[in-house]
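Data first, discussion second: the structure below is written as structure tokens.
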Amino acid sequence: MFFGITDIWTYVLGAFFIVLLPGPNSLYVLTTAAQRGVRQGYRAATGVFIGDTVLMVLAAAGVASLLKSTPVLFSVVKYAGAAYLAWIGFQMLRGAWRSWRSPESAQAAPTPQRSAENPLRKALVISLMNPKAILFFISFFIQFVDPAYGTPALSFLILGAICQLFSVLYLSMLIFGGTFLATQFRARRKLAAGLTTGVGALFIGFGARLATASLG
């Protein structure tokens with residue numbers, strides 16, 4: 001046992017592959033970096049880090065157990081998150097449709113809504129509603145802490161630091177990959193619109209998956 005963590009290497013391996021799984025967090029950071037550059041991509045990533053930290057603290061504080069024991073509360077969180085992710089997906093589909101039908105000369109100018117959008121705030125909300133993160137912290141994260149250990153806060157701190165390290169490395173890779181993709185798609189309006197359509201459809205899929213998720 002390592003500082004109250006029952007099987008740290010199983011957790012490290014599991015957290016690594018869970019972080020690599022595509023989810024709304026990573027897709028939003030990727031699209032933000034592709035559309036608005038590295039700086040805004042890292043602002044979005046910061047929102048993800050804050051959101052994941054909040055979920056970790058809530059899980060350590062016992063909210064995960066509360067959600068497990070209160071199906072009605074879990075359903076409220078689940079359906080609210082599903083609706084928000086689906087709404088983001090529909091917004092992306094609408095933006096892609098407008099881009100597809102707009103003249104070539106209009107594609108380089110960002111829309112006022114996109115310019116005014118705060119990527120940190122939006123990424124924070126997406127992170128808090130992320131089905132992958134919610135189920136990870138409820139069903140996986142808390143299982144590796146020995147309840148008999150004297151200072152479980154230290155155990156959760158170590159587990160959280162490992163997860164955030166993987167997240168920093170992965171999102172950084174996506175941010176720089178997104179800026180590279182932007183240069184490839186900037187002159188290909190229809191291809192970029194098609195990519196946005198695919199991302200929007202994935203967000204709707206994430207919402208549907210969250211709506212049908214269960215703690216079992």
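The values are calculated or read from the model by the stated rules, or taken from the named source; none is laboratory data. All of these numbers come straight from a predicted model, not from anything done at the bench. Neighbour counts are summed over all protein chains in view; Cβ atoms, including those assigned to glycine, are modelled from backbone coordinates with ideal geometry. Accessible surface is based on the protein model in full, side chains and every heavy atom, while ligands, DNA and RNA are left aside. Shrake-Rupley method; radii C 1.70, N 1.55, O 1.52, S 1.80 Å.
Keeping all protein chains in place, calculate the accessible area per residue for the stretch 1-63 (probe 1.4 angstrom), answer in Å².
Result: 47 Å² of accessible area for each residue.
May I ask you to rank MET129, MET56 by accessible area, largest first, using a 1.4 Å probe over the protein chains only?
The ranking, largest first, comes out as MET129, MET56.
Going by average Cβ neighbours within 10 Å, how do the peptides 153-165, 3-15, 34-46 rank, with the highest at the top?
Packing proxy ranking, top to bottom: 34-46, 153-165, 3-15.
Keeping all protein chains in place and using 1.4 angstrom, which order do PHE137, PHE49, PHE180, PHE2 fall into by accessible surface area, from largest down?
The most accessible residue leads, giving PHE180, PHE2, PHE49, PHE137.
What are the ³J(HN,Hα) couplings of the stretch 11-22, residue after residue, when phi is run through the Karplus curve with 6.51, -1.76, 1.60 and θ = phi - 60°? Round to Hz, x for glycine and proline.
5, 4, 5, x, 4, 4, 6, 5, 4, 6, 5, x
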